[in-house]
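Okay, structure first, notes after.
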Amino acid sequence: MIHPRTLRVGYDQTISVVCVVGSELNVNLNRSAPPSSRFFSVKCTPSVQYSIGPSPQKTYHFSPIPLNGNSVLLIRMSHASQHENDSKLSVWYYGVSKEVLGRAVLHLTAVEISLDVDADRDGVVEKNNANKASWKWGPNGHGAILLVNCDSEWTWRKKPDREQENVSKVSDLKDMSVMVLRTRGPAKLPEGYKLTMHISQGDAESVRVFRPRTSETKNNTLPGKHFYKYFVKDYPLVLSSEVLSQEVPYLGEAAEMNFYVEGLKFLDKDFSGLIRVNLSLLEPISPGLPETPIFTDTVVFRVAPWIMTPNTLRPVEVFVCSTSDNNQFLKSMRNLVIMSGYKLKICHEFVNRGDRWMQDELEFGYIDSPHHRFPVVLDSPRDGELLDFPYDELLGPDFGYVTRVAQKKDVSSLDSFGNLEVSPPVTVNGKHYPLGRIIIGVAFPTATKGRNMTKVVQDFLWAQKVQEPIALFSDWLYVGHVDEFMTFVPAPDRKGFRLLLASPDAGYKLFRGLHNVGHGQAKLFEGLGHEEPITVDEILNDEGLQAENNYVQSCIDWNRDVLKRELGLDDEDIIDLPILFKLVVEDKTEYKAVAYYPDMVNMIVLGKNLGIPKPFGPKVNGHCALEAEMCYLMEGLGLSCTFIDDFASYHQLLGEVHCGSNVRREAFDFKWWNLEM
């Protein structure tokens, strides 16, 4: 990329000029000429290249050229100087009879200066990439990537690294993007010239830049891993919200210096994610006056989005709470996790303080770049008794933390993250979503009042761009979470998954079938001492319950249509699960739905193993008919069903297995920056 620069010269003067290789000096010859000049000629040393504009003109060494009103001398330097003023160019001016009227002499010093980043996203900082100052999405795109430095190198009295005043450990550098200042030229710049790095006021809240006190090795790699444990004080802050511009060293000759760029803010409604860092060469004008920029190089970073992980990705670790009344549930979960081959993390009661709803407090995701990737937990604004768990127990080295703070009056049950899910990858009307789409529950669009996920969380989710959200209607539920009526499971065919939906219609169809073959007296809840058993026929004869489930089915059908449209699904991609609901009164005025028996769709998905709430349905020939139907539907997909008794410890408290657990999963193989946007 050519950087043009206007240069003023005067006849009968000798001036010293610094020229950056790759830039072009433009001299208006008419402005610089003595009065009555009609011709000019140019002479230079071999390292200087020049031409005459605006249209190219043939020139002959020292042959006078007619001087026009728009004659421009274009000067370039082909390589860096070894010494100050080691190149020369002179312009001779002539009168009508070609007599010499004056001469302007330039002593030139050429320097190579480039501010470089990993613009081609291969993990290596290449030199002077032509696209380093812009961003383009897609596999053939360009532009450097910046991580929000939201993990913590400390495990005691910790806080996210972005809130630390300095680089406290060398290991922190791997979370930052390397930016390289490359120079070539004389051992030092001419007197008064300086290099300055600077950012705009608008970007200053989103980025910080550090540098080593001395030049690092020239291979642009971080110090070896054996240094990571040490504390360091040798990475001073260069740019921040308090320092928008600072002089940086010119190292001279052929040199490189690594700078480390740290993201401070996630994408949000007021932040698009693009950040520009500039490097300028300043020229002195006169003692006591400010220097002026004569060359600026710019690089662009895009902050990496926070990305959610769907049920189809491989689990890494399962999280559950231990409470005084969930020992049986915990034992079943431990057996399932061990059988599935994953790690189990138990949050004990002295930490959870009786709050068992692990799903509601947090959502696992990750951030990714060509040079580094790590998980990041999104902390819900619900702030139950588990509120300290994400920060105190998860934040640490290579484990980030982010939250969005809302006013308490704005926070409702819909801000719990059982109301936040993400689909597997889908293609919709030819548009591919390789990272899936976020799903949230809100109030019905025509409702004049109702609960909604708070605006600060919705703004955050929409701003990430790479998993475009879908809003479903969930306020018809007493708790109000999308995981009460839907989930995704992996499948070996079609789109690689199935959408599971709770379906009262499927429940009534199953119960009518039992009635028709003589099992109408089979009982639900049999053997549960704390729940009154009820027969299949009693359920079928309860017209009020039937009406309530007709309403619930209409709410689910509305969401079904949205999901089919927004995820590009056919009916063959959806499985209806036999689940009934009942309505309860909320605030003495409104009816909201809760599961009639344990809600089987509210499951945990661990690869091919499913942990499903035990429904305590009617038994036929010694087997639960609801469990049998669930096994039939899932085993056709190669999935294994384990039924977990959560009746007393979760179901009666209006939650189920999924509500009481959480799963950290591996990241997508697909790189978000390769999205076609």
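Taking amide hydrogens as placed 1.01 Å from N in the peptide plane, the amide H of Val248 sits under 5 Å from those of Leu195, Thr196, Met197, each at least 5 positions away in sequence or on another chain.
If I take R0 = 45 Å and measure r between the Cβ atoms of Phe350 and Ser554 in this structure, what FRET efficiency does the formula 1/(1 + (r/R0)^6) give, to the nearest 0.05? Plugging the Cβ-Cβ distance into 1/(1 + (r/R0)^6) gives 0.50. You can think of it this way: the chain between Ser272 and Leu237 has 10.2 nm of extra reach, that is 0.36 nm per residue less the Cα-Cα gap. Extension gain, His3-Lys188: 0.36 nm per intervening residue step, less the Cα-Cα distance, totals 64.4 nm. Taking amide H atoms as placed 1.01 Å from N in the peptide plane, the amide H of Phe473 lies under 5 Å from those of Val442, each 5 or more residues away in sequence or on another chain. In terms of the mean number of neighbouring beta-carbon atoms within 10 Å, the peptides 528-539, 480-491, 166-177 order highest first as 480-491, 166-177, 528-539. Only beta bridges with both residues in the chain are counted; by DSSP, about 70 percent of them are antiparallel.
Relative to the Cα centre, the charge distribution of the chain, modelled as +1 at Lys and Arg Cβ and -1 at Asp and Glu Cβ, gives a dipole magnitude of about 3400 debye. Shape verdict for segment 116-191, please, from the Cα gyration tensor: rounded (a/c under 1.5), prolate (a/b greater than b/c) or oblate. It comes out oblate by the Cα gyration axes. Note that segment 580-596 has calculated 3J(HN,Hα) couplings of 9, 10, 9, 9, 10, 8, 10, 6, 6, 10, 10, 9, 10, 9, 9, 5, 6 Hz, one per residue in order, obtained from phi through the Karplus relation 6.51 cos²θ - 1.76 cosθ + 1.60 (θ = phi - 60°); glycine and proline are x. Per-peptide packing, taken as the mean over residues of other Cβ atoms within 10 Å, places 321-330, 609-618 in the sequence 609-618, 321-330 from highest down.
The string of couplings for segment 255-260 from the Karplus curve (6.51, -1.76, 1.60, θ = phi - 60°) is 9, 9, 9, 7, 10, 10 Hz, one whole number per residue in order, with x for Gly and Pro. Note on segment 117-303: Rg/Rh from C-alpha atoms, Kirkwood Rh, equals 0.97. The listed peptides 266-278, 398-410, 373-385, ordered by packing as a protection proxy, come out as 373-385, 266-278, 398-410 (highest mean of other Cβ atoms within 10 Å first).
Computed from Cα positions, the angle between helix 327-340 and the longest principal axis of the chain comes to roughly 60 degrees.
Can you show me the helix-derived [θ] at 222 nm for the chain, built from DSSP H runs with n ≥ 4 at -39,500 (n - 2.57) apiece and divided by the number of residues, rounded to the nearest 500. Result for the chain: -4000 deg cm²/dmol, rounded to the nearest 500.
Taking θ as phi - 60° and the Karplus parameters 6.51, -1.76 and 1.60, the scalar couplings of segment 72-84 work out to 10, 8, 9, 10, 9, 10, 7, 7, 5, 6, 8, 9, 5 Hz in sequence order, x denoting glycine and proline. Multiplying the residue separation of Ser134 and Ser245 by 0.36 nm and subtracting their alpha-carbon distance yields 37.8 nm. A Förster distance of 30 Å, applied to the separation of the beta-carbon atoms of Glu590 and Ile338, puts the FRET efficiency at 0.10. Take the Cβ atoms of Thr155 and Thr298, set R0 to 51 Å, and the FRET efficiency comes out at 0.85.
Exposure proxy shown here: for Tyr193, Tyr597, the number of other Cβ atoms within 10 Å sets the order, fewest to most, as Tyr193, Tyr597. May I ask for the angle, rounded to the nearest 10°, between helix 504-516 and the longest principal axis of the chain, with both axes built from Cα atoms and the value confined to 0 to 90°? Roughly 30 degrees, rounded to the nearest 10. Using alpha carbons only, how many degrees (0 to 90, rounded to 10) separate the axis of helix 543-567 from the longest principal axis of the chain? Result, in degrees: 20.
Here, segment 582-677 yields an orientationally averaged convex hull projection of 10.3 nm² when only Cα atoms define the hull.
Summarising the label geometry, the points placed 7 Å from Cα in the beta-carbon direction at Ser322 and Asn30 lie 8.8 nm from one another.
Distant-in-sequence amide contacts of Thr109, defined by a placed amide H-H separation under 5 Å and a gap of 5 or more residues or a different chain, comprise Val17, Val18, Cys19, Asn85.
No value in this document is a laboratory result; all are computed from the given coordinates. Keep in mind the model is a prediction, meaning the values are calculated, not measured. All Cβ positions, even for glycine, are placed from backbone atoms using ideal geometry, and neighbour counts span all protein chains on display.
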